[in-house]
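Here's the structure we're looking at; comments come further down.
The values are calculated or read from the model by the stated rules, or taken from the named source; none is laboratory data. These numbers come from a predicted model, not from an experiment. Cβ sites come from the backbone with ideal geometry, for glycine too, and all protein chains shown count toward neighbours. To get the accessible areas, we keep the full protein, side chains included, count just its heavy atoms, and leave off ligands, DNA and RNA. Shrake-Rupley method; radii C 1.70, N 1.55, O 1.52, S 1.80 Å.
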Amino acid sequence: MTLQFETRRIASASAHNNALGGALLGAAQGMGSAAWPEQHLRVPVLSPADASLRECWLSDGPLQQGIDHGIRWCRNGDMLYGVIALDETQDPAQPGVSPLQATSHGLYARLFKLLREQGMPHLWRVWNYVARINEDSHGLERYRQFNLGRYEAFVQAQQETGGQVPAACALGVREGALSVAFLAGVSPVVSLENPRQVSAWAYPSVYGPRAPTFSRAALAYPPGQEVLFISGTASIVGHETLHAGDVVAQCRETVRNLEAVVQEANRLARSAQAFELRRMSHRVYLRHARDAEAVQRVLGPLLSDGNGGAEVVFVQADVCRADLLVEIESHAIHALSSASSS
Ligand code: 3EB
């Protein structure tokens with residue numbers, strides 16, 4: 001059963017009967033709730049201007065839905081999309097464990113439990129949103145608290161914490177519950193790393209007591225397809241942030257990283273068609289809305305060929321290191337020819 005992706009202005013949202021799940025971006029007040037699991041991302045949409053957007057992962061084949069362990073999910077025979085939001089203020093205090101760490105641990109424990117029950121053992125792509133991500137509390141930046149809880153849940157669920165780990169992003173929003181959406185499947189991903197960067201799961205402890213659990217990208221295989229998910233990518237070379245304070249230089253460095261990941265993907269991809277950055281879908285997160293114009297000017301020609309390819313969506317969100325001003329995530333779906341899928 002195949003996977004498709006689509007972005008629509010909210011005003012034109014119509015009912016899908018084949019949506020696995022998706023995300024609602026922007027204010028989107030009074031737009032009604034979707035009939036599928038939908039992650040509500042209350043972030044300002046900077047471009048397309050004045051839009052609220054509904055993004056959908058569409059699928060064929062009979063779909064089945066449910067709510068288990070607080071996770072709203074929808075699946076076909078090959079893959080599952082789920083969304084869960086947990087309010088850390090509901091977590092009982094534990095000595096030495098911050099509420100956010102406990103919530104992140106508990107959330108991922110539920111996620112892995114669902115995947116076991118549903119026979120979808122392989123996490124493909126995870127979207128994480130954390131309130132006040134760069135704030136310090138309990139002696140640790142909140143992103144690092146989140147990483148601690150996530151890492152422990154991976155260990156407890158006997159998941160790998162390096163190597164074959166899912167693609168992901170982790171961004172900051174102003175307020176609200178910890179929100180996580182994910183795609184998982186019956187088949188494993190091929191995890192990719194970026195030769196220009198230290199693997200995030202191997203970051204030194206100056207970035208926190210537990211490294212973040214994600215790969216730079218993942219190739220996933222719905223039947224007859226190859227999907228490239230590129231994780232949130234920023235101006236990091238080795239393990240260090242480059243170009244602090246210079247958003248345009250960060251954009252250029254980030255694109256160099258994306259190109260390196262695309263090259264890695266093409267080295268390992270099965271499909272005959274090569275992945276190209278300008279033909280992929282992109283979501284750009286900007287720390288400061290005031291940078292939108294400069295960033296669109298520099299990224300526009302680097303991320304799209306202007307030939308009506310996939311839309312580039314710009315939103316305002318906090319990036320998980322205080323000195324990062326921009327982060328970009330991308331994906332593309334290719335058909336496998338019957339010869340290469342057999
Ligand atoms: C970085 O390269 C930037 O914690 O899941 C990017 C993608 C980042 C995913 C995550 C964090 C995550 O370290 C931050």
Fill in the blank from the handout: Among the residues of the range 114-134, the number that are surrounded by fewer than 21 Cβ atoms within 10 Å (Cβ to Cβ) and within 16 Å of the ligand (Cβ to nearest atom) is 3
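Kindly check whether there is at least one residue in the range 170-187 that is hydrophobic (A, V, I, L, M, F, W, C), more than 27 Å from residue 20 (Cβ to Cβ) and either open to solvent by 30 Å² or more (accessible area, probe 1.4 Å) or part of a helix (DSSP H, G or I) (or both). Don't jump to the end; show me each part of the working.
Here is the first cut: in the range 170-187, the ones hydrophobic (A, V, I, L, M, F, W, C) are 170-171, 173, 177-178, 180-184, 186.
Then drop every residue that is not more than 27 Å from residue 20 (Cβ to Cβ), which leaves none.
Looking through the range 170-187, none of the residues is hydrophobic (A, V, I, L, M, F, W, C), more than 27 Å from residue 20 (Cβ to Cβ) and either open to solvent by 30 Å² or more (accessible area, probe 1.4 Å) or part of a helix (DSSP H, G or I) (or both).
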Practice task
Looking at (1) away from the ligand (no atom under 16 Å from the Cβ); (2) open to solvent by 20 Å² or more (accessible area, probe 1.4 Å); (3) at pLDDT 95 or above, find the lone condition where residue 287 falls short.
Solution key: (1)
Fill in the blank from the handout: Taking the range 66-112 and the residues there that are touching a residue at least 12 places away in the same chain (Cβ under 8 Å) and part of a loop (DSSP other than H, G, I, E, B), the one that is nearest to residue 150 (Cα to Cα) would be 98
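Starting from residues that are polar (S, T, N, Q) and open to solvent by 10 Å² or more (accessible area, probe 1.4 Å), keep the ones in the range 140-167 and report whichever is nearest to the ligand (Cβ to nearest atom).
Checked the range 140-167; the qualifying residue nearest to the ligand (Cβ to nearest atom) is 161.
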Exercise for the section: Might you check whether a residue that is within 12 Å of the ligand (Cβ to nearest atom), open to solvent by less than 10 Å² (accessible area, probe 1.4 Å), among the polar types (S, T, N, Q) and not in a helix (DSSP H, G or I) occurs anywhere in the range 234-249? Expected result: yes
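Quickly run through the range 265-278 and pick out the residues that are out of contact with any Asp or Glu (no Cβ under 7 Å at 6 or more places or on another chain), outside any loop (DSSP other than H, G, I, E, B) and surrounded by 15 or more Cβ atoms within 10 Å (Cβ to Cβ).
Taking the range 265-278 and keeping what is out of contact with any Asp or Glu (no Cβ under 7 Å at 6 or more places or on another chain), we get 265-268, 272-276.
Filter once more, so that each one left must be outside any loop (DSSP other than H, G, I, E, B): 265-268.
265 - this is the single residue of the range 265-278 that is out of contact with any Asp or Glu (no Cβ under 7 Å at 6 or more places or on another chain), outside any loop (DSSP other than H, G, I, E, B) and surrounded by 15 or more Cβ atoms within 10 Å (Cβ to Cβ).
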Handout entry: the range 66-122, subset within 18 Å of residue 176 (Cα to Cα) and among the polar types (S, T, N, Q), residue nearest to the chain's Cα centre (by Cα)
Key = 104
Completion exercise
Note on the range 199-224: residues aromatic (Phe, Trp, Tyr) and open to solvent by less than 50 Å² (accessible area, probe 1.4 Å) are 203, 207, 214, 221
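Can you go through 318, 323, 305 and tell me which one is touching a residue at least 12 places away in the same chain (Cβ under 8 Å), open to solvent by 10 Å² or more (accessible area, probe 1.4 Å) and either in contact with a Pro (Cβ under 9 Å, 6 or more places away or on another chain) or under 22 Å from residue 24 (Cβ atoms) (or both)?
Values: 323 fails: either in contact with a Pro (Cβ under 9 Å, 6 or more places away or on another chain) or under 22 Å from residue 24 (Cβ atoms) (or both); 305 fails: either in contact with a Pro (Cβ under 9 Å, 6 or more places away or on another chain) or under 22 Å from residue 24 (Cβ atoms) (or both).
That would be 318, the only listed residue that is touching a residue at least 12 places away in the same chain (Cβ under 8 Å), open to solvent by 10 Å² or more (accessible area, probe 1.4 Å) and either in contact with a Pro (Cβ under 9 Å, 6 or more places away or on another chain) or under 22 Å from residue 24 (Cβ atoms) (or both).
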Completion exercise
Of the residues in the range 291-334, those that are within 16 Å of the ligand (Cβ to nearest atom) and assigned to a strand (DSSP E or B) come to 315, 318, 319, 326, 327, 328, 329, 330, 331
